[in-house]
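No lab work stands behind these numbers, since they all come straight from the coordinates. From a predicted model like this one, the values you see are computed outputs, not experimental measurements. Every residue, glycine as well, gets a Cβ built from its backbone with ideal geometry; the counts of neighbours run over all protein chains shown.
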Amino acid sequence: MAEPADPALLLREDVSKEYYAILNVVSSYDGWLLGVKGWSVTLSLAGLGLGFQQGHFALFALAAATGAAFWMLDALMKGYQYRYYVRMREIEYTSYLINSVILGGEYVDEGISAPRIDMTWGFKGYPVNEAGEPLPRPQPWWRGALGLEESKPWYDWRAEEPERRPPQRIRRDLRHRWRWANVMLPHVLAVVLGLTLFFLAVAKAPGFQQLHL
């Protein structure tokens, strides 16, 4: 009679397969999002160009509306992609619990596990002095203005236990994703430029008198 399989081993195999399947989906989203941005720029510029060529300033508003529509589409798709990031972090945390190993060396007594792609993506390094010690971390003025806690001092956290994304952070990120720089650009430029040209034409500003609705 065959011995029953180790549940921890089965879980380790399953989460590994799921993780890299999710990574492929996330990478595909990056390509789709670039396509959305490309169409946004192409159609918005076409609307602006036709507005001047045909002499109809209503096309400026259409270009702005096109940019806004693709901005919304970009935010929706980014939200779908972000949900996969949440699951990737859950798998990284689970993997730490079932397969962390103490290696020593610079890791000292930290338990190291894999995968950690999502966890360590945000690590950008930090400045140090001649002794190799982290320099004081400057605090942006707006953190105090918004009543936020001070940021943690500089330190190398790459070998720490993966942190699960708190529900409140997930909700906050999804609610405000439309104003992330990598989401609103370049759409916001088309919206601002299209509306600016539209209102200049409505006001018959110098250089726009020849345009009509």
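For this structure, a couple of remarks:
- Fewest-first ordering of Lys204, Lys37, Lys152, Lys78 by other beta carbons within 10 Å of each residue's beta carbon gives Lys152, Lys204, Lys37, Lys78.
- Against the chain, whose longest principal axis is taken from its Cα atoms, helix 167-176 shows a tilt of about 20°.
- Within the chain: Cβ-based charge dipole about Cα centre, in debye rounded to nearest 20 (Lys, Arg +1; Asp, Glu -1): 1400 debye
- Cβ crowding within 10 Å ranks Val191, Val36, Val202 as Val202, Val36, Val191, fewest other Cβ atoms first.
- Over segment 132-213, relative contact order from alpha-carbon pairs under 8 Å, at least 6 apart, %: 15 percent
- P(r) of the chain over all Cα-Cα pairs, binned every 10 Å from zero, in whole percent: 7, 20, 23, 21, 14, 9, 4, 1, 0, 0
- Rounded FRET efficiency, nearest 0.05, which uses the C-beta distance separating Lys204 from Phe123 and R0 of 45 Å: 0.25
- Cut-off 12 Å, label 7 Å out along Cα→Cβ of Ala58, residues of segment 180-213 by amide N: 212-213
- Cα Rg over Rh - segment 110-213, Kirkwood: 1.20
- Diffusion coefficient, µm² s⁻¹, Stokes-Einstein with Kirkwood Rh over alpha-carbon pairs of segment 162-213 at 10 °C and 1.306 mPa s: 112 µm²/s
- Listed residues Arg137, Arg12, Arg169, most fluctuating in the chain (Gaussian network, C-alpha, under 10 Å): Arg137
- Computed over the chain with a Gaussian network model linking Cα atoms closer than 10 Å, the most mobile of Tyr19, Tyr82, Tyr107 is Tyr107.
- Shown for Ser16, Ser113: other C-beta atoms within 10 Å of each C-beta, ranked fewest to most, produce the order Ser16, Ser113.
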